[in-house]
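Novice: The structure follows.
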Amino acid sequence: MSDEQQVDVYPSMTVVKEFESDKADKIEPMQLGKRLKEIRMAHGLTLEEASKRTGLARSTLSKIENEQISPTFQAMQKLAGGLEIDIPQLFAPPKQLKATGRRDITRKEQGKPHPTTTYEHELLATQLTNKKMMPFKSKVRARAFEDYSDWIRHDGEEFLLVLDGEITFYSEFYEPVNLSEGDSVYYDANMGHMLTSVSEEDALILWVTAS
């Protein structure tokens, strides 16, 4: 496949990356008890249930969570085993969730057109830059495997949902499969893949690409 064709098949996507220099995190005292409680709650466990899983007394767990006692290494091993985590996770603070207030609405048929020889893409949410996902709708023009000169491959993972019509989904490690309206597939986009329409009209699909 020529460079021009490769560029033509998929819209480009810029993925935002977080660099250490951009972080304003401050070093805070380790709060093992608070971290343990967060992990327990994330598992949906009561103190009694966590006690049964770890083999540590309920009162001991309560004291650890309230920073009244420090667990021994043996106790940390029991905590890690019972909660099905690695010991370092007891010391790693949870990621801080920071809302950025980003939003982009695309009205029906108001996306940015991006036609190619095999697809007619409509790019969605085009006002946002540095997106972590690239959503777009596409009409599948290709009708035969031979319409492609090579497999399509690119970084990241991809989700595909058939909105209208029927397609054949080809991938280099699996047998071809037909997908109809409402069917979907999630796959590694580094794996060679391509689509063809098998319905009378060009099939319409929703694609979400992420890296």
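The values are calculated or read from the model by the stated rules, or taken from the named source; none is laboratory data. Computed from a prediction, not measured in an experiment: that's the story for all the values here. Every residue, glycine among them, receives a Cβ derived from its backbone with ideal geometry; neighbour counts consider all protein chains shown. Calculation scope for accessible area: heavy atoms of the full protein, side chains included, ligands and nucleic acids excluded. Shrake-Rupley method; radii C 1.70, N 1.55, O 1.52, S 1.80 Å.
Novice: For the structure I just gave you, tell me whether Asp150 is open to solvent by 60 Å² or more (accessible area, probe 1.4 Å) and within 21 Å of the chain's Cα centre (by Cα).
Specialist: On the way: open to solvent by 60 Å² or more (accessible area, probe 1.4 Å): yes; within 21 Å of the chain's Cα centre (by Cα): no.
Criteria not met by Asp150.
Novice: So Thr209 passes all but one of these: (1) in contact with a Ser or Thr (Cβ under 7 Å, 6 or more places away or on another chain); (2) part of a strand (DSSP E or B); (3) modelled with pLDDT under 95. Which condition number does it fail?
Specialist: Against the list (1) in contact with a Ser or Thr (Cβ under 7 Å, 6 or more places away or on another chain); (2) part of a strand (DSSP E or B); (3) modelled with pLDDT under 95, Thr209 comes up short only on (1).
Novice: Oh, and also: Among Phe159, Phe169, Phe173, Phe136, which is the only one that is aromatic (Phe, Trp, Tyr), exposed (fewer than 14 other Cβ atoms within 10 Å of the Cβ) and touching a residue at least 12 places away in the same chain (Cβ under 8 Å)?
Specialist: On the way: Phe159 fails: exposed (fewer than 14 other Cβ atoms within 10 Å of the Cβ); Phe169 fails: exposed (fewer than 14 other Cβ atoms within 10 Å of the Cβ); Phe136 fails: exposed (fewer than 14 other Cβ atoms within 10 Å of the Cβ).
Testing whether each residue is aromatic (Phe, Trp, Tyr), exposed (fewer than 14 other Cβ atoms within 10 Å of the Cβ) and touching a residue at least 12 places away in the same chain (Cβ under 8 Å) leaves just Phe173.
Novice: Exactly one of (1) of a type in the set (Gly, Ala, Ser); (2) modelled with pLDDT of 90 or more; (3) open to solvent by 30 Å² or more (accessible area, probe 1.4 Å) is unmet by Gly101. Its number?
Specialist: (2)
Novice: Now, a different point. Could you tell me how many of the residues in the stretch 163-192 are under 19 Å from the mean Cα position of the chain (by Cα) and in a strand (DSSP E or B)?
Specialist: Number satisfying all stated conditions: 5.
Novice: To continue, here is another question. Quick one: in the stretch 137-155, which of the residues that are in a helix (DSSP H, G or I) and touching a strand residue (DSSP E or B) at 6+ places or on another chain (Cβ under 8 Å) is farthest from Met194 (Cα to Cα)? Let's see the steps before the verdict.
Specialist: At the first step, the residues of the stretch 137-155 found to be in a helix (DSSP H, G or I) are 145-147.
Still in the list and also touching a strand residue (DSSP E or B) at 6+ places or on another chain (Cβ under 8 Å): 145, 147.
Details: Phe145: 8, Asp147: 10 Å.
The qualifying residue farthest from Met194 (Cα to Cα) is Asp147.
Novice: Return the residues of the stretch 115-133 that are part of a loop (DSSP other than H, G, I, E, B), surrounded by fewer than 17 Cβ atoms within 10 Å (Cβ to Cβ) and on the phi < 0 side of the Ramachandran plot; say none if nothing qualifies. Before you say what the answer is, go through the steps one by one.
Specialist: Initial filter on the stretch 115-133 (part of a loop (DSSP other than H, G, I, E, B)): 116-118, 124-132.
When the remaining residues are screened for being surrounded by fewer than 17 Cβ atoms within 10 Å (Cβ to Cβ), the result is 116-117, 127-130, 132.
Result: Thr116, Thr117, Gln127, Leu128, Thr129, Lys132.
Per-residue answers, yes or no, for (1) open to solvent by 50 Å² or more (accessible area, probe 1.4 Å); (2) at pLDDT below 85; (3) of a type in the set (A, V, I, L, M, F, W, C); (4) out of contact with any Phe, Trp or Tyr (no Cβ under 8 Å at 6 or more places or on another chain):
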| residue | (1), (2), (3), (4) |
| --- | --- |
| Pro29 | yes, yes, no, yes |
| Leu45 | no, no, yes, yes |
| Ser51 | no, no, no, yes |
| Gly55 | yes, no, no, yes |
| Thr60 | no, no, no, yes |
| Ile64 | no, no, yes, yes |
| Pro71 | no, no, no, yes |
| Met76 | no, no, yes, yes |
